[in-house]
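The values are calculated or read from the model by the stated rules, or taken from the named source; none is laboratory data. Quick caveat: nothing in here was measured; it's all calculated off a predicted structure. Here the Cβ is made from the backbone with ideal geometry for all residues, glycine too, and neighbour counts use every protein chain on show. Accessible surface areas use protein heavy atoms only, side chains included; no ligands, DNA or RNA. Shrake-Rupley method; radii C 1.70, N 1.55, O 1.52, S 1.80 Å.
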Amino acid sequence: MLSELARTKLRPPRLREDVIPRPRLLTALHDAVSSHPLTLVSAPAGYGKTTLLAALPHAFPALPLAWLSLDEEDDEPARFLGALVAALQCLQPACGTTAQMLLASLPNPGAEGRRVVGMLVNDLLETLPGPFALLLDDLHLIAEPAVYATLDYLLERLPPQMHLVVATRHDPPLALARLRARAQLAELRLPNLRFTPDEAAAFLNDRLGLGLSIADLASLHSRTEGWPAGLRLLASSLDPIPTPVGRTAFIAHLARTDRHVFDFLAEEVLGRQSGAVRTFLLETSILPELTPALCQAVAGQPDAPAILEDLYHRNLFLVAVDEASTVYRYHHLFAEFLRRRLAQELPEQVAELHRRAAEAETVPARSVAHYLAARLWEQAAQTVEQVGEQVVREGLLGTLRGWIEALPEPVREAHPRLSYFLGVCALQRGALDEASSLLERAQRGFEAIGNEDGQGDCLLALVDVAAQQHEYERQAELARQALAHPLPAHGRVALLVACVWQLLHQGDLTGAAADLHRALQLALESGEPGAFHALAPILRMPLPLLPGGPERLERYCHHVLARFGEGVGPVQAGAHSLLGYIYLLRGRLDEAVREAERARALSQQLGGFVFLDGEVDAVLAHTAFIRGDYAAVERGWEAGLPWFEQISGIRPWAVAVLYMIGRAQWMQGRFEQARQTYARMCGIVNPHEFPDIRLSRALMRALLEIGDGRYPEAERTLRQAVPIELGMRHCIAFGSARLLLAYLYLRWDRPREALSELGPVLAECERNGTPGLVLQEGAIMVPVLRLAVERSVRPTLAASLLALLDASGAPGPVRVPDTGETLTPREVEVLRLIAAGASNQAIARQLVISERTVKAHVTHLLGKLRASSRTQAVARARDLHLV
């Protein structure tokens with residue numbers, strides 16, 4: 001609907017030939033715009049704000065200007081943002097394409113104003129490097145706080161080459177005081193805009209040739225206080241008076257009247273029109289824009305084009321809003337006056353006029369408004385039903401809600417689609433209980449009339465409600481019900497993936513894999529862009545762990561990137577993120593990092609996506625852990641932890657994040673900090689805890705027990721965790737109890753049992769092509785994999801994994817049994833080089849440290865291992881399976 005209005009909203013109204021030049025004001029305005037981020041032109045109606053701004057490009061053509069005329073329909077964040085982008089694209093078509101794409105792809109773009117503005121600012125910096133101004137006319141018609149919050153955010157981040165100019169009848173709720181204090185605000189107000197006596201004389205005598213005396217001019221200026229609209233109306237009243245005496249008498253009468261100047265003069269002008277023109281003015285006053293076709297339909301006058309042209313040339317407060325003079329509007333003051341007179345003189349015709357307008361309108365939003373004004377409830381309801389889906393897609397939820405709530409309750413009850421739309425509006429603003437009630441009512445209504453499509457739509461929205469309320473069993477049941485109804489491809493694929501997650505948590509991997517296959521096939525076969533957009537945020541780790549998951553999802557990602565290209569969009573970002581995790585599972589670490597960083601770059605260009613950024617963080621953190629960069633692991637997860645802790649619905653997953661942090665601390669030998677992290681994990685309790693959360697807590701506890709040398713307790717903890725891992729195979733995405741058991745048994749000098757745990761995991765990884773599941777356990781796997789190579793347990797795979805881990809960074813800390821001492825990762829490296837026969841000088845050269853530092857490490861090693869020589873230290877290292 002925005003595109004239908006953009007033609008007249010994105011250019012200034014055409015200036016009349018008799019406009020009075022105001023070089024004083026134009027120079028002041030140009031100087032203000034050139035030197036301030038924001039210029040505020042604030043004055044009551046009729047002070048020539050629009051005319052002044054429209055004259056600026058004529059007076060100073062070197063300054064590029066974008067124009068946006070605002071109206072009541074723009075009082076919606078998504079609509080306003082779309083119009084803002086469209087206005088800027090008149091200067092540079094490439095500007096705002098990313099922001100435009102974001103507006104089209106977000107489920108509720110109006111709630112993402114800051115993100116869209118951030119993208120728009122980036123686009124402006126790239127596509128409009130030179131100075132330019134954006135002019136917003138009639139900002140007073142905007143009341144929505146979210147729109148002003150978006151404007152404030154834009155002003156805070158305004159590129160230096162951009163200048164914003166705002167025309168309004170009253171000061172907007174922006175941070176004007178802050179801008180004023182920073183000298184970033186210029187202001188033109190009523191005293192600046194009113195006509196001076198010289199300008200009034202130039203207009204009335206020089207331009208219009210009325211020949212008024214100095215006394216008459218002084219009286220008029222005093223009575224109108226230099227109000228341009230009053231002076232223009234006055235000219236319309238004086239022009240038909242043939243003699244100077246008659247004009248002086250009229251001016252004297254005006255000076256004595258107590259009535260508002262505009263109403264008095266408008267009454268005079270209206271009274272001088274022929275009956276046909278007078279009726280035309282009154283009847284067409286209900287139209288926000290005047291075209292010959294609309295005026296013919298509403299006023300029933302076939303000569304409407306000629307009347308409009310005559311009114312414009314006679315300057316009866318008609319403004320041409322396009323260059324071709326085919327679309328007009330009445331001056332706001334005159335329109336308000338005409339509508340009041342229409343209600344007084346022809347009240348019985350108002351509804352009929354709105355009916356005619358509604359049927360002739362080509363803009364559905366205006367048709368709805370006219371039907372509502374005519375109290376034609378059924379027609380209004382039917383029109384809302386026809387355009388409601390498009391309105392939702394455009395994010396105009398407040399507009400849609402306002403239309404429906406204006407209808408009587410019985411009409412709403414008779415149209416279940418209206419209750420459905422209200423439910424969607426409630427869902428988008430987070431009123432979940434209200435949304436559930438409205439959607440269930442709509443579903444009952446659709447069921448009563450046998451509307452299968454409507455029932456499917458309601459169930460699809462109810463699935464979303466249940467998901468946000470974290471009622472996962474109800475979500476799965478609703479999804480199954482919805483799949484029995486006709487649904488668009490994007491809805492069906494979203495429901496299938498919801499079923500995948502439910503089956504995954506139930507341990508039904510075969511069923512989950514089948515539904516995932518169906519979802520991917522449906523998206524690919526339908527080719528519907530909405531289906532790919534629906535999948536982007538929900539195809540996440542650990543879905544590639546399903547049977548056939550890596551191959552199937554990798555093919556899907558490559559198809560998506562081939563279809564959508566390497567542009568900037570959430571679909572491409574999601575594909576790169578998912579590929580990053582798949583490559584991590586396959587042990588292709590460099591490719592995993594490359595894809596994750598590509599996904600992060602796209603996400604940043606799009607203003608950030610929580611679902612995607614978390615996945616990218618996980619891939620990069622896992623890779624850093626494999627490579628021994630534990631400080632980076634800790635930093636990365638600590639940065640994301642507050643998001644998990646602050647949102648109740650996902651707070652349980654903070655346990656898994658804390659495990660990643662605690663594991664990195666443990667690997668650095670910082671056992672006391674790791675214990676504190678475990679205490680934080682235990683402090684997060686949820687009555688409906690997922691198995692992967694329980695597994696994370698058990699793994700952290702086992703690490704601490706291993707570090708303390710309490711091997712029996714660690715064994716018991718891990719044995720209790722193994723059934724969770726085997727029953728819910730996706731839990732291995734966070735860590736493996738069986739692999740940690742293998743490490744424990746080797747530390748405990750039970751190599752046979754270590755291999756009995758490791759062997760089946762290696763076989764699964766080899767069969768599924770997911771060696772990364774072993775790699776993600778990090779350096780503690782090195783001695784276990786060495787043992788596997790020695791004992792010929794999957795030796796080829798074990799050797800390849802060993803090579804990756806040996807090349808990936810430093811080992812973890814090692815606790816020495818019986819002594820309570822812990823070897824640091826650096827000390828383990830030194831010990832391995834000693835075992836390889838390296839001298840102190842060679843060790844120093846390889847580790848890029850001084851020989852003095854090497855000697856210090858050797859001294860510490862001998863003490864911690866209770867060894868009297870390097871030979872004894874090496875023998876002890878072999879006992880610990882370090883070499």
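Let me make sure I get this right: for the stretch 664-771, a, b and c are the square roots of the gyration tensor eigenvalues over alpha carbons, sorted descending. Under 1.5 in a/c it's rounded, otherwise prolate if a/b > b/c, else oblate. Which is it?
Numbers: a/c = 1.87, a/b = 1.18, b/c = 1.58.
Judged from the Cα gyration tensor, the stretch 664-771 comes out oblate (a/c at least 1.5, b/c at or above a/b).
Please give every one of the lysines within straight-line cross-link reach of LYS9, meaning a C-alpha to C-alpha distance under 20 Å, and leave out same-chain neighbours fewer than 8 residues apart.
Correct list for LYS9: LYS49.
Does the stretch 384-466 come out rounded, prolate or oblate, given a ≥ b ≥ c as the square roots of the eigenvalues of its C-alpha gyration tensor, rounded meaning a/c under 1.5 and, failing that, prolate meaning a/b above b/c?
rounded
Determine, from the Cβ-Cβ distance of GLU821 and ASP749 and an R0 of 25 Å, the FRET efficiency 1/(1 + (r/R0)^6), rounded to the nearest 0.05.
0.90
Restricting to bridges with both residues inside the chain, how much of the DSSP beta-bridge set is antiparallel, in percent to the nearest 5?
Antiparallel bridges: around 25 percent, rounded to the nearest 5.
If you build the Cα gyration tensor of the stretch 520-573 and take the root of 5 times each eigenvalue, what three semi-axes come out, in whole angstrom, biggest first?
One finds semi-axes of 18, 12, 11 Å for the stretch 520-573.
So what is the relative contact order for the stretch 457-497, in percent, with contacts set as C-alpha pairs under 8 Å and at least six apart?
Working: 30 pairs, mean separation 17.2, N = 41.
Taking the mean separation of contacting Cα pairs over the length of the stretch 457-497, I get 42 percent.
What percent does the relative contact order of the stretch 355-395 come to when contacts are Cα pairs within less than 8 Å and at least six residues apart? Provide the component values of the computation, followed by the final result.
Numbers: 26 pairs, mean separation 12.6, N = 41.
Rounded, it is 31 percent for the stretch 355-395.
For LYS864, give me every one of the lysines with a C-alpha distance below 28 angstrom, ignoring sequence neighbours fewer than eight places off in its own chain.
List returned: LYS855.
Would you grab the residues whose amide H sits under 5 Å from the one on LEU164? Only those 5+ places off in sequence or on another chain, please, with H modelled 1.01 Å from N.
LEU38, THR39, LEU134
Translational diffusion coefficient of the stretch 462-571 at 25 °C, 0.890 mPa s, Stokes-Einstein with Kirkwood Rh over Cα pairs, in µm²/s as a whole number. Mind dumping the intermediate values first?
Details: Rh = 14.2 Å.
My calculation gives 173 µm²/s for D.
Consider just the alpha-carbon atoms of the stretch 338-399 and return their Rg together with their Dmax, both in angstrom.
13.1, 42
Please compute the Cα-Cα pair-distance distribution of the stretch 446-508 with 10 Å bins starting at 0, giving whole percents from short to long.
Calculated P(r), rounded to whole percents: 25, 52, 20, 3.
Set the Förster distance to 51 Å, then compute FRET efficiency between HIS58 and THR853 from the Cβ-Cβ distance, nearest 0.05.
0.10
How many angstrom lie between the Cα centre of the stretch 436-464 and the Cα centre of the stretch 99-164?
Spelled out, the Cα-based centre of one part sits 36 Å from the other.
Taking the solvent-accessible surface of protein heavy atoms with a 1.4 Å probe, what is the per residue accessible area of the stretch 680-726 in Å²? Mind dumping the intermediate values first?
Values: 2030 Å² over 47 residues.
Result: 43 Å² per residue.
Provide the net charge surrounding ASP303, with neighbours chosen by a C-beta distance below 13 Å and charges set as Lys +1, Arg +1, Asp -1, Glu -1.
Counting the neighbours of ASP303, the net charge comes to -2.
How big is the chain along each principal axis, measuring the range of its Cα positions in Å and listing the largest first?
Largest first, the chain extends 125, 70, 44 Å along its Cα principal axes.
What part of the accessible area of the chain, given as a whole %, is carbon or sulfur when the probe is 1.4 angstrom?
53
Taking all pairs of different Cα atoms in the stretch 709-774, averaging 1/r and flipping that mean, what Kirkwood radius in angstroms comes out?
Answer for the stretch 709-774: a Kirkwood hydrodynamic radius of 12.1 Å.
Rounded, prolate or oblate: which one fits the stretch 701-843, using the alpha carbon gyration tensor with axes a ≥ b ≥ c (rounded when a/c is under 1.5, else prolate when a/b beats b/c, else oblate)?
oblate
Rg(Cα) of the stretch 89-192 divided by 2.2 N^0.38 Å? Numbers along the way, then the final one.
Numbers: Rg = 14.5 Å, N = 104, 2.2 N^0.38 = 12.8 Å.
Scaled against compact globular proteins, the figure is 1.13.
Can you give the accessible area of PHE611, probe radius 1.4 Å, in Å² rounded to 10?
Result for PHE611: roughly 60 Å² accessible.
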